[in-house]
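The values are calculated or read from the model by the stated rules, or taken from the named source; none is laboratory data. The model shown is predicted, which means the values in this text are computed figures rather than measured ones. FYI the Cβ positions are ideal-geometry reconstructions off the backbone, even for glycines, and counts take in every protein chain you see. For the accessible areas, the whole protein counts, side chains as well, though only heavy atoms, and no ligand, DNA or RNA atoms are used. Shrake-Rupley method; radii C 1.70, N 1.55, O 1.52, S 1.80 Å.
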Amino acid sequence: MKIMKRRTGGLRSLITERKALSVFLLVLVLPSSAFAACEDWVARIVSIQGSVDIRASGTQAWQVAGLQQTYCEGDVIRVNATSRAALELHNETIIRLNQNSTLILSGPKKDVSWLDLIKGSLHAITRVPRSLKIKTPFVNAAVEGTEFQVQVKEDNTLVGVIEGIVKVSNEYGNLLLAQDQSAITYKGNAPVLRLDIKPADSVHWSLYYPRLNVGGLQQVEDLISAGQVEEAEIILASQTSAEAFSLKTIIAIANNRKQQALDFSAQAIRVDQNSVAGYMARSYALQANFELHPALKAAQKAVSIDGQHTLAWVRLAELYLTLGDIDKGLAAARKAVELKPDLARTQVILGYAHLLQHNTKKARQVFARSIKLDSSDPLARLGTGLAEIRGGNLRKGRREIEIAASLDTNNAQIRSYLGKAYLEEKRNKLAADQFALAKQMDPNDPTPWLYNALRKQSENKPIEALNELQQSIKLNNNRAVYRSSFQLDDDRATRGAGLGRIYQELGFEQLALKEATR
């Protein structure tokens, strides 16, 4: 194994030669907590939310972690309370760490990444077989190309597989876990299968919760934004203000409880008909339930109540762009940027406006600015990925979308786009897994059905492709949650053309001609 070294030679030379002026300039450039980079890194940090520290191998001092820092074998990462972090490992693996987690980068053994999870929780996406092994105090996990989560508590370790295969083992026994299976291991015992624990239910901390900027409950909103929903819900349980119901709405939407979200948002407005947070929450709930134009009206109402509320303008821009009104969307996005240019969400929505105008270069620049301001926003990563793919860099774009998926594990649209990227790379099995997850996360979205039909058609399975495409057409109007009526017509044309080609492959020339004409 190649020994990893930190780049310290330049600094040592400066000090040795006692060039006071050079040292003075160096101090001006480098912060006191600067962390020396690795020549051959094991991991680099791609997202920081809250307080994250790093301790270099062989040292005792903790330093503040920085975005894009690279880390060596033996380095220790500590994620503090109400914080989260994401790492990209050297072998195309994405690791997301929850609050109160400590991880040791044990190092690569050839192409395998070894990690010691001392405490806390992690979520991993790895697409290279046998590329990751995780050690915990009670059990070890060896994975194939998969997605899974590990949680270490005082007396047990929980491992859950979202898709793929993971082997959990210790000196007392072992288990092979498949998709949707979990195992728990207590100190001094073999791992035991737990059918009552669903892996997807154990990663609520990894979801993304949009902010409403509620003044009176700011600390609670901070908890929600950091994924600490259980603690927030305990506080909100006895609260009956419009702001409380608004936050309850956001939690319900992220956890796919759509009717509950409608109910909470309606209560928020009943309590206070001039609540900006209430109307913003209402717009999210209506959009989640495929009522796009009412969602736009709710966002317009929020802006009319407070024309200086930045996130209300962001919400309005999102809905204009969703409806295909790019000019109004761009204008609203620019208003949001004008109000708070240093707020990451304003840059994200401006980036999508540029992307929809096919200004890929400008979109990439704006998304990069957004990531610097807030590296935990999955939409900035998704936008970057789409822009990179549009610019011809498929591998880099796919990596960005994988990071987006790790920042919001329950987002069906991100899963569909990730599956499409895998399909473009001819990695059909990985694509199929993502489309299956997207269908599970949002059964009413036609997108994964359409993409899966294209996959099956490429595999010379026209009958299966036909079934997938027909279901996509059936669900097509549900895509109004994302697309305008004009774009829906475009979707129908795409699906209809695909249907015609499949009929032709099956020998049904008349049906093919009829579908193409329609």
Name, by its number, the condition in (1) in contact with a Pro (Cβ under 9 Å, 6 or more places away or on another chain); (2) open to solvent by less than 60 Å² (accessible area, probe 1.4 Å); (3) within 30 Å of ASP325 (Cα to Cα); (4) modelled with pLDDT under 85 that does not hold for TYR503.
(3)
If the requirement is being open to solvent by less than 20 Å² (accessible area, probe 1.4 Å) and within 21 Å of the chain's Cα centre (by Cα), which of these qualifies: PRO443, PRO448?
PRO448
Contact list please: Cβ distance under 7 Å, first residue in the range 454-478 and more than 21 Å from ASP442 (Cβ to Cβ), second residue open to solvent by 60 Å² or more (accessible area, probe 1.4 Å) and not β-branched (Val, Ile, Thr), pairs at least six apart or on different chains.
PRO462/GLU505
Across the range 297-350, which residue is farthest from ARG211 (Cα to Cα) among those that are open to solvent by 30 Å² or more (accessible area, probe 1.4 Å) and polar (S, T, N, Q)?
SER304
